[in-house]
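Just so it is clear, none of the values below were taken in a lab; they were calculated from the coordinates. Just so it is clear, the model here is predicted, and its values are computed rather than measured. Neighbour counts are summed over all protein chains in view; Cβ atoms, including those assigned to glycine, are modelled from backbone coordinates with ideal geometry.
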Amino acid sequence: MALLGALSLSEIVTRIAAVLLFASLQGCILAGLARFMGDARPFHEKRLTLNPFVQVSVWGIISATLFALSWVRPIRYEPKDMRLGGFGLLAVLVLGLALMLALVPLSDFLRPLLLMLPRTAGYAALYVLNQFQLITVGSVVLNCLPVPGLVAGALWQLALPEHERRLERLVPIGLGLTFAAIVAGIIPNTASAILPYLRA
């Protein structure tokens, strides 16, 4: 693949490391917020964990490696169990994405600590941090789209509460179309335009 060939080995490795970090945090935050709102389903389905291999999507890794855009494995919610019902689910999704975005400027405070590491390790850690910020900003924007499989796609559970199985069948279609749109350039990565404002 020509695009893959344009990436250096260090870019590929650091993007994979960064997307694993992104997935572990995004999945755990969403599951934690759902638990806080009274929905125990993500907890029982083992999503309240920082284990990246529970949270990560294989296609999310591929997309992050090639385009610095990603998503986590879809989390299933029970809006009826949440405080405030549908508004509770909306709060989980909005806060979950907002907290991930807030981690971008907060992670800048790690830079002085990473520079204290041995030179090679410090530079590698800084590169992973840069890739994490890039992937996080672009992915938060991407996951605002109400596409089944993305974070905001969980809103369909409010519109079609009795059709969970049908919605689950739409997830691979939604993510496939999303990936195709990213490849075609229809969905751009907006991180480079937004990052300077978060770092100011």
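Magnitude of the Cβ-charge dipole of the stretch 50-200, K/R +1 and D/E -1, about the Cα centre, nearest 20 debye?
Values: 10 positive and 6 negative charges, 34 e Å.
For the stretch 50-200, the charge dipole is close to 160 debye.
May I ask you to work out the translational diffusion coefficient for the stretch 93-132 at 20 °C, viscosity 1.002 mPa s, via Stokes-Einstein with Rh from the Kirkwood sum over Cα pairs, reported in whole µm²/s?
Values: Rh = 11.0 Å.
Value of D from the Cα-based Kirkwood radius: 195 µm²/s.
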*Could you work out the helix-only [θ] at 222 nm for the chain, with each DSSP H run of four or more residues adding -39,500 (n - 2.57) and the total divided by the number of residues, to the nearest 500 deg cm²/dmol?*
-21000 deg cm²/dmol
_In nm, spacing of pseudo-spin labels at ARG199 and PHE43 (7 Å Cα→C-beta vector)_ = 3.9
*asked:* Tell me which of VAL94, ILE187, LEU113 sits at the most positive position along the dipole axis of the chain, charges placed on C-beta atoms (Lys, Arg +1; Asp, Glu -1).
replied: LEU113
_Along each principal axis, Cα extent of the stretch 105-200, largest first, Å_ = 54, 27, 25
_Viscosity 0.890 mPa s, temperature 25 °C: what is the translational diffusion coefficient of the stretch 1-119 from Stokes-Einstein with a Kirkwood Rh over Cα pairs, rounded to a whole number of µm²/s?_
156
_Karplus (6.51, -1.76, 1.60) ³J(HN,Hα), θ = phi - 60°, over the stretch 192-198, in Hz, Gly and Pro reported as x_ = 4, 7, 8, 3, x, 6, 6
*With N set to the residue count of the stretch 85-161, report its C-alpha Rg divided by 2.2 N^0.38 Å to two decimal places.*
1.45
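Going by average Cβ density within 10 Å per residue, which order do the peptides 121-130, 18-27, 154-163 take, highest to lowest? Show your work: numbers first, answer last.
Working: 121-130: 16.2, 18-27: 24.3, 154-163: 14.7.
Peptide ranking by packing, descending: 18-27, 121-130, 154-163.
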*For VAL56, list long-range residues whose amide hydrogen, built 1.01 Å from N in the peptide plane, is under 5 Å from its own amide hydrogen.*
ARG73
*Which whole-number percent is the relative contact order of the chain (Cα, under 8 Å, 6+ apart)?*
22
*Calculate, in nm to one decimal, what ARG119 and LEU177 gain on full extension: separation in residues at 0.36 nm each, minus their alpha carbon distance.*
16.7 nm
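Over all directions, the average projected area of the alpha-carbon convex hull for the chain comes to how many nm²? Kindly include the intermediate steps, with their values, before the conclusion.
Numbers: hull surface 46.8 nm².
Its Cα hull, projected and averaged over all orientations, spans 11.7 nm².
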*Quick one: which residues, 5+ away or cross-chain, put their amide H under 5 Å from the amide H of ILE187? H built at 1.01 Å from N.*
ILE182
